[in-house]
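Participant: Sharing a structure, written as structure tokens. Questions coming.
Laboratory data are not the source of any read-out in this text; all were calculated from the coordinates shown. Small disclaimer: the values here were computed from a predicted structure and weren't measured. No Cβ is skipped: glycine too gets one built from the backbone with ideal geometry, and neighbour counts run over all protein chains shown.
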């Protein structure tokens, strides 16, 4: 059966990308019906969208012909997914507050179909407290929100707020369409099955991989972390229905489908990206962050001077990301740290649990080939005790950990 998307296009400059988004969705065999706000018609035309969707384009709540043939209530319910892209700050505010003053917002208020909003706006608008407050309300209401990209904007500023590329949006649409769909709540049927998608509506923040701390333009301090365990956990969280932000150090791994990935290099960059991704329901800090960095990275390559002595290298301590989150005003409800140890595994993990302000420490013995390997054996250290798991593939560790995270979040009051 052909899957159907109702694409609502609101009035931002990024609306021009909606044409390519339609093409990407049709390429995946997904039928698209488009709705334009009046301001969106300043950027794209009903004619161009109609040609690409091979369907009527809707833009008027009081279109007598459209109402007679289909009606806006049915229009809102005949799709498998409603996608708002671009979602301006204006339409997000209306969605969060139940305002229905045109066709697009009336459809959004009348639908019981899952909704994906893909924000696009000026960086200052994105970071404004009102926008973030509206996003939090929409998350709580079960709206799926795709994080905007960072980069140069049409207004000349730089930062987070760019509409993700159409191919990435299409991939997220495809992921959401693969999830079990909710039944009509008015018919007394169950909503999303919590056993299948226990993290629906939750935001999970994950770090993965190493950090590289430059010594000079060609050398850096690093470790052997491959990022495989963190990426596996991110994939498992998406399968559980979560919105996932993955802050990744320098690794060569494909981004799991449906994951919002932020690439960083240094510990300080990772800390900044983690702070920007808040709030989150749970944070799982898997990354093997370098403890130290060069106090003054050389601007030119360090050379031997013939003395036989190494160049002086002064080190300073990197910020502690886990401990920073533990005392952050927006501390996640569940904070999970990882401890890579080579001896006295449980003892070091207990000490780290108390020192960092975490809820759990996932401790593993990395004296063998765990870093870079495909298997892991971990101990979950909490205030209540230690849960030791046998050696298993990292993907299985990820699934089991996410199951435990989901249980903890659903057992705690919001």
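Participant: Running a GNM on the chain with Cα contacts under 10 Å, which residue among 167, 157, 403 ends up with the highest mean-square fluctuation?
Facilitator: 157
Participant: Same structure again: Label-point separation (nm) for residue 38 and residue 127, each offset 7 Å from Cα along Cα-to-Cβ?
Facilitator: Each label point is offset 7 Å from its Cα along the Cβ direction, giving 3.3 nm.
Participant: So how much slack lies between residue 302 and residue 328, counting 0.36 nm per residue of separation and subtracting their Cα-Cα distance, in nm?
Facilitator: 5.5 nm
Participant: As a test of the formula, what do you get for the chain when each DSSP H run with n ≥ 4 contributes -39,500 (n - 2.57) and the sum is divided by the residue count, at 222 nm and rounded to the nearest 500 deg cm²/dmol?
Facilitator: -9500 deg cm²/dmol
Participant: What are the semi-axes of the equivalent ellipsoid of the stretch 203-411, taken as the square roots of 5 times the eigenvalues of the Cα gyration tensor, listed largest first and rounded to whole Å?
Facilitator: 30, 19, 17
Participant: Which of 364, 223, 344 moves the most in a Gaussian network model of the chain with Cα springs under 10 Å?
Facilitator: 344
Participant: OK, next. Fewest Cβ neighbours within 10 Å first, please rank 394, 303, 404 accordingly.
Facilitator: 303, 404, 394
Participant: Diagonalise the Cα gyration tensor of the stretch 4-187 and give the resulting equivalent ellipsoid semi-axes, square root of 5 times each eigenvalue, largest first, whole Å.
Facilitator: The answer is 23, 19, 17 Å, longest axis first.
Participant: Next question, about the same structure. Could you check what % of the DSSP bridge pairs in the chain are antiparallel, to the nearest 5?
Facilitator: 30 percent
Participant: Express as a percent, rounded to the nearest 5, the fraction of DSSP beta bridges in the stretch 203-411 (both residues included) that run antiparallel.
Facilitator: 40 percent
Participant: To check you understand DSSP bridge types, tell me what percent of the beta bridges within the stretch 4-187 (both residues inside) are antiparallel, rounded to 5.
Facilitator: Counting DSSP beta bridges with both partners in the stretch 4-187, the antiparallel share is about 20 percent.
Participant: If you fit an axis through the alpha-carbon atoms of helix 345-356 and take the longest principal axis of the Cα set of the chain, what angle between them do you get, 0 to 90°, nearest 10?
Facilitator: In the chain, helix 345-356 runs at an angle near 60 degrees to the longest axis.
Participant: Angle between the Cα long axis of helix 267-277 and the longest principal axis of the chain, 0 to 90 degrees, nearest 10?
Facilitator: 30 degrees
Participant: For each of 380, 233, 345, count neighbouring Cβ atoms within 10 Å of the residue's Cβ, then give the residues from fewest to most.
Facilitator: Starting with the residue having the fewest Cβ neighbours, the order is 380, 345, 233.
Participant: Something else about it: So how do 203, 328 line up by other beta-carbon neighbours within 10 Å, fewest first?
Facilitator: By the 10 Å Cβ count, ascending: 328, 203.
Participant: Let me ask another. Can you give me the Rg/Rh ratio for the chain, using Cα atoms for both radii and the Kirkwood formula for Rh?
Facilitator: The Rg/Rh ratio comes out at 1.03.
Participant: Identify which of 170, 178, 104 has the largest mean-square fluctuation in a Gaussian network model of the chain, with springs joining Cα atoms closer than 10 Å.
Facilitator: Highest fluctuation among the options: 178.
Participant: By how many degrees, 0 to 90 and rounded to 10, does the Cα axis of helix 394-411 deviate from the longest principal axis of the chain?
Facilitator: Its long axis makes an angle of about 70 degrees.
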